[in-house]
1. Val74's amide H: which non-local residues (gap 5+, or another chain) put their own amide H closer than 5 Å, with H modeled 1.01 Å from N in plane and none for Pro or chain starts?
2. Classify the range 190-308 as rounded, prolate or oblate from the Cα gyration tensor: take a ≥ b ≥ c as the square roots of its eigenvalues, call it rounded if a/c is under 1.5, otherwise prolate when a/b beats b/c and oblate if not.
3. What share of the DSSP beta bridges in the chain is antiparallel, in percent to the nearest 5?
4. Return the calculated 222 nm mean residue ellipticity for the chain, to the nearest 500 deg cm²/dmol, obtained by summing -39500 (n - 2.57) across DSSP H runs with n ≥ 4 and dividing by the residue count.
5. Can you pull the percent of the chain's accessible area that's carbon plus sulfur, 1.4 Å probe, other chains left in place?
6. Starting from the 7 Å offset along Cα-to-Cβ, what nm value, one decimal, do you get for the label separation of Val244 and Asp142?
7. How much net charge surrounds Ala282 when only other residues with a Cβ under 13 Å from its Cβ are counted (Lys, Arg +1; Asp, Glu -1)?
8. I'd like the Karplus ³J(HN,Hα) series for the range 385-394: coefficients 6.51, -1.76, 1.60, θ = phi - 60°, whole numbers in Hz, and an x wherever there's a Gly or Pro.
Amino acid sequence: MTSTKNYDVKDPSLAEAGRQRIEWAFREMPVVKLIKERFGKEKPLKGVRISACLHVTTETANLALALKEGGANVVLCASNPLSTQDDVATALVEYGVPTNAIKGEDEKTYYKHINTALDNNPQLTVDDGADLVTTLHSKRSDLISNVIGGSEETTTGVIRLRSMEKAGKLKYPLIAVNDAQTKYLFDNRYGTGQSTIDGITRATNILWAGKKVVVCGYGWCGHGIALRAKGLGAQVIVTEVEPVRALEAVMDGYRVMPLLEAAKLGDIFITIAGDKNVIDKAHLQLMKDGAILANSGHFNVEINIPALESMARSKRRIRPFVDEYTLDSNRHLYLLGEGRLINLAAAEGHPASVMDMSFANQALCMEYMVKNRGKLEPRVYPVPEEIDKQVARLKLSSMGIDIDSLTQEQEKYLTSWEEGT
Ligand SMILES: NC(=O)c1ccc[n+]([C@@H]2O[C@H](COP(=O)([O-])OP(=O)(O)OC[C@H]3O[C@@H](n4cnc5c(N)ncnc54)[C@H](O)[C@@H]3O)[C@@H](O)[C@H]2O)c1
């Protein structure tokens, strides 16, 4: 293990494999490529220090390299103890992006790595889940006066930032990248949909056809997971707490019921609610022998793992990322990836093509923050509409797809009230 002041990765010999995988992902990231080329010429982030806390994947590597190309000094750390791709982390160090991330790191190392990233004395922060921002606000607040702004990648992180804003605790402006249409409609839905199924498949090699799959939470990620599980022939049951979303799931063709009922039926349970103890002891007590439990929500709190541990007579790792819990009744439950987001723990996270849009938003928001230095209040801002639209236009163009535009007559009609029946 290499350990120096501003980077910490697992194994230096992995660099070549990491470089090749980063290059492979870049082929599917045409929008980030265009931004990187422009950044290379214009250097909009010249000399700007960025501390980034993201899943250390091939796609994140390409974002970090684009920011570096724009002139930024980027230090990276992991946003989850189990999501790091060690070869990518090593390659990034070689590319001049000090990276602090080791797959399977314990919580102490995880926060040590966040602190090393913060030692970069950031002017901008990029976060996924808000652990870096909350550490900065609570333990490293001496650094905040230098911060221009930041961005947040995921739903759970945005919820935490909004709660900080409401409590008057937020000290600098942040952009909720998650809430851009070119982020959540694609990354959360198609990215999480495909990669969650991929993670569970890689961990277990199960056949989905004919399985009863219970999706807990029908937000954008839940939409994607349910859709892809259905496409593979599973019978999908959705559980929800929001009536509109539950109704939507019904009309999308899924069975909807309380989890206490679904618990008795499911072969595979997937939590994707961004909430705590969604699967609780009472549900675990009802599950069938052999049921599989996976989480794809941001934190490992969605399945009550302490309850599962307390119910278990014994536990063994039967395959990588599969823990078998034998309960008193001689029932077995299988927890995947220690309850951490399974698409990143057991697979590679979202495909590059979808991260292309999320990270194009991130790169453009970093540029926006620098351009608007000192002009924004310490609040959570939406991604500016022109950035969202620009990302969609560039993505369509990279796919060779043209669309129509409004005629003058239509523009007038769509902004007037005079014409009716
Ligand atoms: N694995 C990944 O790569 C990845 C990618 C994007 C987002 N996420 C994370 O996934 C989670 C969900 O994100 P989203 O964008 O779909 O959020 P969302 O807010 O759109 O959806 C969450 C849904 O869960 C429902 N819910 C909350 N508590 C529930 C409960 N106890 N039982 C049933 N349903 C419940 C909510 O009503 C809501 O409809 C978040 O933690 C987010 O950060 C993970």
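1. Here the answer is Ile50, since their amide H atoms fall under 5 Å of that of Val74.
2. Values: a/c = 1.26, a/b = 1.08, b/c = 1.16.
Because its axes are fairly even, with a/c under 1.5, the range 190-308 counts as rounded.
3. Values: 13 of 55 bridges.
Within the chain, antiparallel bridges account for around 25 percent of the total.
4. Details: 17 runs with 175 residues, N = 421.
-12500 deg cm²/dmol, from helical runs alone.
5. Details: 9710 of 18950 Å².
About 51 percent, which is the carbon plus sulfur part of the accessible surface.
6. Each label point lies 7 Å from its Cα, and together they span 4.7 nm.
7. Numbers: positive: Lys264, Lys281; negative: Glu261, Asp280.
Net charge in that neighbourhood comes out at 0.
8. Computed from phi, the couplings for the range 385-394 are 4, 5, 6, 4, 5, 4, 5, 5, 4, 5 Hz.
The values are calculated or read from the model by the stated rules, or taken from the named source; none is laboratory data. This is a predicted model, so every value here is computed, not measured. For neighbour counting, all protein chains shown are included, and Cβ atoms are generated from backbone atoms with ideal geometry for every residue, glycine included. For accessibility, only protein heavy atoms count, side chains too; no ligands or nucleic acids. Shrake-Rupley method; radii C 1.70, N 1.55, O 1.52, S 1.80 Å.
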